[in-house]
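Notes for the one structure printed next.
The values are calculated or read from the model by the stated rules, or taken from the named source; none is laboratory data. Note that the structure is a prediction, hence the values are computed from the model and not measured. We place every Cβ from the backbone using ideal geometry, glycine too, and count neighbours over all the protein chains shown.
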Amino acid sequence: MGVASAMRQEDVLLPSYRDNGALLWRGVKMEEILLYWGGDERGNLSSGPPHDFPFCIPVGSQAPHAAGVAYALKFRKQQGVAVCLLGDGATSKGDMYEAMNFAGVHRLPVVFVVNNNQWAISVPLKLQTAAQTLAQKAIAAGFYGEQVDGNDIVAVREAANEAIDHARRGCGPRLIEALTYRLGDHTTADDAARYRLPQDVQMRWKEEPIARLRAYLVSQKAWGKAEEEELSSHCQREIDAAVERYLATSSRAPETMFEHLYKDLPAVYAAQREELEGLANA
Amino acid sequence: MPEVTLVDAINLVLARAMQDDPNVIVFGEDVGINGGVFRATAGLQQRFGPERVLDTPLAELLISGLCVGMASQGLKPVGEIQFMGFIYPCIDQLVNHASRLRHRTQGRLSCPMVLRAPCGAGIRAPEHHSEHTEAMLTHIPGLRVVIPSSPERAYGLLLAAIHDPDPVVFLEPTRLYRGARGLVDDNGEALSLDVAFVLREGRDVTLIGWGAILKETLAAAEALADEGISAEVIDLATLKPYDAETILASVAKTGRCVIVHEAARTGGLGAEIAALLAERGLTSLLAPVARVAGYDTVIPLPRLEQSYIPSINRIVSAARRACRFT
């Protein structure tokens, strides 16, 4: 959220699957996200900026796309910056290093942001790397990387602002490592109690970013119980309405799976599509 | 019209595409000042500058991933993988992203990229430099896979691949780079990626091939003609999606089919064509469909590579057996 809020419309977001906050900020609708995860390709009909990438499911393979996007932006002398969001697990893949390495060579307008939540499903950071930080991985690619407190949205916004601005001015790529902690399970199918102690997780709740932001705003007398309640019920209404729209989505004809496979479906696959149509109508 | 080699034809068409469309960008390992290890991109950097013809770091995954990123924003990337044996790090990008970006975004983004890769044995190259593994690409939905068998078709098909709105892997038979010559009119006219080419008409048996092996296949057809067997020769050219109708029409006429490919036999594209004929052409068949293919071995080093590549004799024998089948 802090990173997305530092982006301009013409910037290009290349998110991972853990970046719902950034998606919402960019204009993707909640019911679209629900629809995709609810198993319907129409969830991909994103209301976000038309040039943004869909969130990437394979880990780290969006990093070379970010380098390609940034090359295109620079080649066309456009003002945009590619912003690539990754997890700590992605830093173990060659994809990210290959992308950073190329971005360094061409001083591309791209910012890589690693959401270091300490866990890649059940594998802790110490089994991902012996490097002291993930930010230092930028050094090998010839550019600057820095760590930021990922639980402090003001700090994240500030770091992202600075890095995006740096890239936009043609000064080359940046890497930001945002330090945080995955408080929840990896997915609803995951049970984190199998690999980490509940008391360790409990301790991390003290640093939970929304609670911290709230505490800060309250200390500045900029927030109180009334505002909190109002925001809470506003969010609840938005979520309920999105869930309703998601649940109300009509079913889809099976043969639509052939749509958008190629610009024009090649003749040789027409029979398969017709077979599916026939089965659906039978 | 000048007579040129296949690698010259590739060079001509890249220059033509770059001249006609400022969005075309060529990149890969050694494609810049060196003009590529086969010289397919010779002179392009000098002519179009280092921003449009660039040497990438030595990273194949990156090359394919850059294609996706650039194509998504409206550029026309033409990436080069130095040899097909080094294309495997690109498979993740081709399967998971290039071939499905249009579908994944329900038509919002697309991926009009071309990934070129030299392929095949027969040039006495070291290990990993003779691969012909198109079948692992033809299995990918959303992708096009194309391979020319002559300089003329290299020109027209590569131009079509660059114009195509979807991702194309364009395989270039190394054996033909300097081993095939033809008259190429640099007229900017593309060929269709939807049709196979009938290189020779015949009545008795259909020989289907693609890439360099059509040289042996055409020679086999010539030898068969001496025996009174009239062979039709089809260049499949676009392997994914392939032109089933031309195959079926030919076999409906001849009743016999021999599929020839340099790639290993098991799970090769020949198996798909044989299955097509079993499903839709069975009643025209007068003999079992035969495959003459590379063996299910590691492609041998140069001393034995000629024993691996399907020979004229093997093709002639298979066609002869099909014609004598009762």
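Points to keep in mind about this one:
- Some residue of region A:85-99 being assigned by TED's automatic domain parsing to the domain that holds A:ASP152, in contact with a strand residue (DSSP E or B) (Cβ under 6 Å, 6 or more places away or on another chain) and closer than 23 Å to B:VAL24 by Cβ: no
- Consider region B:188-200 and keep the residues that are assigned to a loop (DSSP other than H, G, I, E, B) and in contact with a Lys or Arg (Cβ under 9 Å, 6 or more places away or on another chain). The one that is nearest to B:GLY281 (Cα to Cα) is B:LEU193.
- Strands (runs of 3 or more DSSP E) wholly inside region B:1-112 that include at least 1 residues being more than 25 Å from B:ARG153 (Cβ to Cβ): B:53-55
- Test: B:VAL68 is more than 7 Å from chain A (Cβ to nearest Cβ) and of a type in the set (A, V, I, L, M): no
- For region B:81-129, a residue qualifies if it is of a type in the set (Gly, Ala, Ser) and within 14 Å of chain A (Cβ to nearest Cβ), and the qualifying residues are B:ALA98, B:SER99, B:GLY107, B:SER110.
- Residue in region A:133-153 that is in a helix (DSSP H, G or I), over 29 Å from A:ARG76 (Cα atoms) and not acidic (Asp, Glu) present: yes
- Within the set A:ALA178, A:ALA271, A:ALA267, A:ALA192, the sole residue that is within 14 Å of another protein chain (Cβ to nearest Cβ), surrounded by 12 or more Cβ atoms within 10 Å (Cβ to Cβ), among the aliphatic types (A, V, I, L, M) and more than 23 Å from A:GLU32 (Cα to Cα) turns out to be A:ALA267.
- Any hit, region B:211-218, residues being among the basic types (Lys, Arg) and part of a loop (DSSP other than H, G, I, E, B): no
- Within region B:1-25, the residues that satisfy the criterion of being of a type in the set (Gly, Ala, Ser) and surrounded by 22 or more Cβ atoms within 10 Å (Cβ to Cβ) are B:ALA9, B:ALA17.
- Residue among B:VAL233, B:VAL251 that alone is crowded, with 22+ Cβ neighbours inside 10 Å, in contact with a Leu (Cβ under 7 Å, 6 or more places away or on another chain) and assigned to a helix (DSSP H, G or I): B:VAL251
- Selection count where residues are part of a loop (DSSP other than H, G, I, E, B) and among the β-branched types (Val, Ile, Thr), scope region B:269-326: 6
- Matching entry among B:ILE309, B:ILE273, B:ILE299 (being over 16 Å from B:GLU131 (Cα atoms) and either touching a residue at least 12 places away in the same chain (Cβ under 8 Å) or touching a helix residue (DSSP H, G or I) at 6+ places or on another chain (Cβ under 6 Å) (or both)): B:ILE273
- Every residue from region A:244-264 that is away from chain B (no Cβ under 11 Å) and either more than 28 Å from A:LEU34 (Cβ to Cβ) or of a type outside the set (S, T, N, Q) (or both): A:GLU244, A:ARG245, A:TYR246, A:LEU247, A:ALA248, A:ARG252, A:ALA253, A:PRO254, A:GLU255
- The residue that is surrounded by the most Cβ atoms within 10 Å (Cβ to Cβ), among those in region A:226-264 that are closer than 30 Å to B:LEU277 by Cβ, of a type outside the set (Phe, Trp, Tyr) and touching a residue at least 12 places away in the same chain (Cβ under 8 Å), is A:GLU255.
- Region A:16-50, residues that are within 13 Å of chain B (Cβ to nearest Cβ), over 23 Å from A:MET257 (Cβ atoms) and in contact (Cβ under 8 Å) with a residue 40 or more places away in the chain: A:PRO49
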